[in-house]
1. Does anything in segment 282-312 have its amide N under 15 Å from the 7 Å Cα→Cβ label point of residue 370, and if so which residues?
2. In terms of solvent-accessible area of protein heavy atoms at a 1.4 angstrom probe, what is the ranking of 95, 311, highest value first?
3. In debye, nearest 20: dipole of segment 373-513 around its Cα centre with unit charges on the Cβ of K, R (+) and D, E (-)?
4. What order do you get for 123-132, 602-611, 530-539 when each peptide is scored by the mean count of other beta carbon atoms within 10 Å, highest first?
5. Could you pull the accessible area for residue 313 with a 1.4 Å probe, rounded to 10 Å²?
6. If only Cα atoms are counted, what is the Rg of segment 1-142, and what is its Dmax, in Å?
7. What list of ³J(HN,Hα) values in whole Hz, one per residue of segment 580-591 in order, does the Karplus curve 6.51 cos²θ - 1.76 cosθ + 1.60 (θ = phi - 60°) give from phi, with Gly and Pro shown as x?
8. Relative contact order of the chain, please, whole-number percent, based on alpha carbon pairs below 8 angstrom and at least 6 residues apart.
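The values are calculated or read from the model by the stated rules, or taken from the named source; none is laboratory data. Quantities reported herein were computed from a predicted structural model and do not represent experimental measurements. Note: ideal-geometry Cβ built from the backbone for every residue, glycine included; neighbour counts use all protein chains shown. Accessible surface areas use protein heavy atoms only, side chains included; no ligands, DNA or RNA. Shrake-Rupley method; radii C 1.70, N 1.55, O 1.52, S 1.80 Å.
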Amino acid sequence: MLSLPVGVLCAVLSATRLWTVSSLEDVYSDSVPPPGAEPEVRLYAARGEYESFQICVRSSFRGIDGLDVDPEPLSAEIGPPEIRRVGYLAVSEPSARAFDERAVRADPLMAFEPLFIERDTTAALWVTYYVPPECPAGVYEGRIGIRLGGRAKRYVNVAIEVFDFEIPATPNVTVAMQLEPETIRTFFGLSGDTLEEWRPFYDALAPWRIAYNAAPRFPDTPGGMDPYLENVLYSAASARMPAIRLGMGETLANRLTNTSSSAVSLQTAAAALANQGWGRRGYAEPLPPLPRSHWPETKLSYNRFRDAVPSVKRLLRGAPHPELEALAEIWVLPLQFFDPIAIQRLRMGMAMSAEPAHPLEAARASSSARIPTPDMPYAAAPSDAYDGSLYTAWVSEVPPARESPQWLELRLQEPVSTKTIRVGWRIGQEAADPRVRLATDERQWNIAQIRWTHYLSDTPYDPSWSEGVFDRVKTFRGIRFEFTSTLTGAPVSVTGVELGRPPDPASIAYLSGGARVWLEQGTMSFPSFHADAHPVEARLGPWMCWGHELDGLFGQPLNRWPEAWKQLDTPTPETWPAAGSGEQFLVYPAAGTLAPSTRLYRLRDGLEDFEYIQAAREAGLYDRLFAPNTMHVCRWEHYDSDVDRVKLDAMTTELQQLRIAIGRALTRAAREN
């Protein structure tokens, strides 16, 4: 062991600052202790919860050679903490959510080893305690020893207030991520799919409360099921997954071409899950998202899958449409197509449409948008304007103009008599005073005198609509709307047409016992998993599920690493180079395993926050603890995709205070009972 002269030792101790910061702050080499900062921390956790903070070490006298840590058990119930070194990721391209101009970001968390700290440089240690489920509620105190080279040693005092409720081992909200096995194979030199090869990686992913795919692909033949199921069952059990992925998209579709053998394989997988008590956790995507012209193929494939394995949930990515709504038990919804009423209907198993008051014979239009747009997930059709659903719309391919108007024509099965009509619009694509022509047969169209009153929406989810009143009651079998302009110059978009009376709500069918609705992670600009985003954003994904009444998040890549990392001089650089801003990965390659990021820790904290909310609901405390504006930017009523740093700083404080308030309220309730 190295030793220092007494005078030098005293100087090192007096010139070295130790202090603690929250896990929701980023620490950099130039970070300095704020006024009043001390080497002490008070943490708050439920039973079965992980809780982290950071120890910052800075020397202004000289470098510290051999900084080491002596983690001690906090008590007989709470063992020693896990210690990791905070490293950095070089951001080559700032994201839209970058909250300052730093070129490097605190993100990788490698296993701790004694380290050297240069003079006038700050190092951060990430410290995580786990509170076992059997730990009694109360306050526990202890300390962590920090060796500053040689025999110099300082202490950080730690107190944990343990709340009297337990975080369930299996999460109540699903975060389904994408593991890329081929990337791991190339980085670590793996050649097979045996559990022995993959176990270290599954073990590394086990603590994070996330679901992900196992390494092997769904097998081509029933004979390949054993190694596949061995991987699936081990990874699902170790991570306590609430949803277990059996196959996705094109890969699975290619293996379902032989219906007899594929049915056997799927039934074998379903039976294996059922034997573990997971009979309703399995899901698969029978076919990748296809354009509207291939919807008959989609329906055939999804129905065939249901017939083969009814216990395995079918996942479908995209916005719900009446033609597809009965196909899936899990919908993965892009954020731009979120609608609170539509989500409610999906979760309750209700149809997205009602029967129009007057049955349609045919619909035509001057043009229809042929490709998906940011406002439409599929090609438009004229019938979408008259299908009894407010969540579909006909959209013209081009904006209407006086010299080249766009038109929509509806022909009905029987004559209609009415004096009023009503047209619904997509917000931002409302037409200005459309001309109306009526026909009583298939040959002659006559202009009708009509007076329009417009009711434009000023909120994202309230529809825009216009009411038209004829000069007298009209009887017709055909109605044509002619558009010469829109209020914004965009293509015109009609969500619905009502002729005298709306569709009958009693005709809304119940299709199933309800579907789960997950949010497609890649469609959210906020909150973000970019490494340069505000630290709290990685924690807010589960809060978005709460605020939008959704069941999970889907699609975030875990390990889409830059190719350049294969040529690194050291397997654990202090600063990792990156392409972009880290949005394609949440773990890093380490020696024979995977190392987490600060973003993954914060995501797990958000998943644990969700359990606090669930516990408050179950204890009847929700209404007392949650006001209408609590965590307001995560609620669909107040959602803002461009939240600034000031609001996020305030939200960080609000989140921490709310969590403590919930924990203490649950503890009081437990004692009273």
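1. Flagged as within label range: 291-294.
2. 311, 95
3. 520
4. 530-539, 602-611, 123-132
5. In the full protein context, residue 313 sits at about 20 Å².
6. Rg, Dmax (Cα atoms, Å): 17.0, 52.
7. Using θ = phi - 60°, the values come out as x, 10, x, 6, 9, 7, 10, 10, 10, x, 10, 5 Hz.
8. That works out to 15 percent.
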